[in-house]
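Note sheet for the following structure.
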Amino acid sequence: MDRIARALKLDPAEIRLRNMVATDELPWTNVVGVRYDTGSFVESLKRAMEMIDYNGFRSRQQANRLVEGKYHGIGICSFTEVSGTGAPGWRARGLARLPGFDSGIVKVEPSGKITAFVSHAHAGQGHYTTFAQVVADALGANLEDVNIVEGDTASTPYGTNTFASRSAVTGGGALLRAGDKVRQKIKRIAAHMLEAAVDDVEVAGGRAYVAGVPEHGLTFKQIAETAYAMNNQSLPDGESFGLEDNDFYDPPLVTMANAVHIAQVSVDAADGRVKIERYVVVHDCGRLINPTIVNGQIQGGVAQGIGEALMEEMVYDDLGQFKNATLLDYLLPTSEDVPNMEIEHIESPSIDNVGGFKGVGEGGIIGAVPSVLNGVADALSDLGVNINSKPLRPSLLSKLMREVCERAD
């Protein structure tokens, strides 16, 4: 996109804005049949530009990009991320033995506490917190009363597991569906115990009560004791014992998240070192469950992307010998390389899946690599340096700048 912009003498932001699907055109299906149900493509780019003062930077930017021995540039990445793929998506890729669905079990114990089992396994994404929030919301329970069990094949239900930014979409959807079934049973039993109509019963804060009369209610423990026949109260006619249920969720073909990353960078003219001076992200993962955890995932992904863009590389010699197999030789970004990130969120909940969630796990790295590389390319654009590989180590950038100067001479 940046090369097209330079060839047409347009700003990289302008070429993107001209080619984006506007919000009022959504839902929109592309030429290969993929549906974009909701999104904020234009809004995200415009907000990121405001945050980093994009137009102000352009107005101050020198034609040759050089100020006090450093070339200065700015790079944009606007992307959509396929997430939460269900069975139709995997079948379309020719994968017959990857289920696509996930499942959840929600159980209110006789104590009134809740245990939920889900067909996922965490790898540091904060599942125990976010899934507990989803279950608490679905049931009308207190968050501190919810315990999540996952990653144990002896007790958790069947599903597809955790990868490809799918946990919130598929696991969250399954838990919402199972939780709603249990919530409805809570209402039916509570209505019987309170001698009220089911439609008049509300559930919140770990209690079921008559609408408009919150003091006329019952705790989950009191309702569970009836469900498990631990008191003299009868169940409604036709109601089964216990207070648990399960459900499966197979989401649509894809759920599309979107984001914009903008990196403001400088390149030292003397030695080719790149410094990321500012970094902004506007991310849209649909309905936010826990903003702090989402920010952490974005920050971690950006840090990984900076490493990929500027330093991380598998090095082999001419004989195929791997040369940097340990962290003594394989360079990773440190706190000095990763800037403070300015992150904002736009929420455009999905209308095609349960819960409105969209994936976020890979969004940080997807946006980081192109935005940093585009920033360096912009900084060196007046020199005519062609950025077409990575990582952009100082040695490579020095070589590219030196070759340009030699050709000019």
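Worth pointing out:
- Taking only alpha carbon atoms, region 303-392 gives an Rg to Rh ratio of 1.10, where Rh is the Kirkwood radius.
- Here is the list for region 323-365: GluC sites (Glu not before Pro) lying in DSSP coil, each with at most 11 other C-beta atoms within 10 angstrom of its C-beta, are GLU336.
- Dipole of region 185-303, positive direction: furthest Cα of MET193, ALA263, GLY238, with charges on the beta-carbon: ALA263
- Each Lys and Arg contributes +1 and each Asp and Glu -1, all at the Cβ; summed about the Cα centre of region 3-161, the dipole is approximately 1040 debye.
- The chain - mean residue ellipticity at 222 nm from DSSP helices (-39,500 (n - 2.57) per run, n ≥ 4, rounded to 500): -10500 deg cm²/dmol
- Qualifying lysines (Cα of each under 26 Å from Cα of LYS46; at least 8 residues distant if same chain): LYS9, LYS275, LYS358
- Of all accessible heavy-atom area on the chain, the percent that carbon and sulfur account for (1.4 Å): 50
- Farthest toward positive dipole pole in the chain [+1 Lys/Arg, -1 Asp/Glu at C-beta], among VAL282, TYR128, ALA141: VAL282
- Taking the Cα atoms of region 129-229, the ratio Rg/Rh between the radius of gyration and the Kirkwood radius comes to 1.04.
- Between THR219 and TYR128, the FRET efficiency estimated from the beta carbon spacing at R0 = 22 angstrom works out to 0.35.
- Here, region 190-320 has an Rg and a Dmax of 28.1, 84 Å when only alpha carbons are counted.
- Residues of region 272-287 with amide N under 14 Å of the 7 Å Cα→Cβ point at LEU396: 272-274
- For region 296-401, the list of trypsin sites (Lys or Arg not before Pro) that fall in a loop by DSSP and count at most 12 other C-beta atoms within 10 angstrom reads LYS323.
- In percent, rounded to a whole number, the relative contact order of the chain is 23, using alpha-carbon pairs under 8 Å and six or more apart.
- Accessible surface for region 135-267, divided over its residues, is 43 Å² per residue with a 1.4 Å probe.
- Angle between the chain longest axis and helix 394-408 axis [Cα atoms, degrees, rounded to 10]: 40
- Between the residues ILE52, VAL32, VAL42, the greatest Cα displacement towards the positive end of the dipole of region 21-60, with unit charges on the Cβ of Lys, Arg, Asp and Glu, is found for ILE52.
- The mean sequence separation of alpha-carbon pairs under 8 Å and at least six residues apart, normalised by the residue count of region 317-409, gives a relative contact order of 12 percent.
- Here the contact order of region 1-107, divided by its residue count and restricted to Cα pairs under 8 Å and six or more residues apart, works out to 14 percent.
- Expressed as a whole percent, the proportion of Cα-Cα pairs in region 56-214 lying more than 25 Å apart is 49%.
- Taking the Cα centre of the chain as origin and assigning +1 to Lys and Arg Cβ atoms and -1 to Asp and Glu Cβ atoms, the resulting dipole is close to 840 debye.
- Each Lys or Arg adds one and each Asp or Glu subtracts one; over the other residues with Cβ under 11 Å from the Cβ of GLY242, this totals -2.
- Sparse-neighbourhood loop sites, chymotrypsin sites (Phe, Trp or Tyr not before Pro) in region 213-280 - DSSP loop, at most 10 other Cβ within 10 angstrom: PHE241
- Anisotropy class of region 1-123 from Cα gyration tensor, a/c 1.5 cut: prolate
- Between helix 363-379 and the chain: long-axis angle, C-alpha atoms, 0 to 90°, nearest 10: 20
- Acute angle (nearest 10 degrees) that the helix 172-194 long axis makes with the longest principal axis of the chain, alpha-carbon atoms: 20
The values are calculated or read from the model by the stated rules, or taken from the named source; none is laboratory data. Here the structure is a predicted model, which means the values were calculated and not measured. Cβ: placed from backbone, ideal geometry, glycine included. Neighbour counts: every protein chain shown. Please note that ligands, DNA and RNA were not included when accessible areas were found on the heavy atoms of the full protein model with its side chains. Shrake-Rupley method; radii C 1.70, N 1.55, O 1.52, S 1.80 Å.
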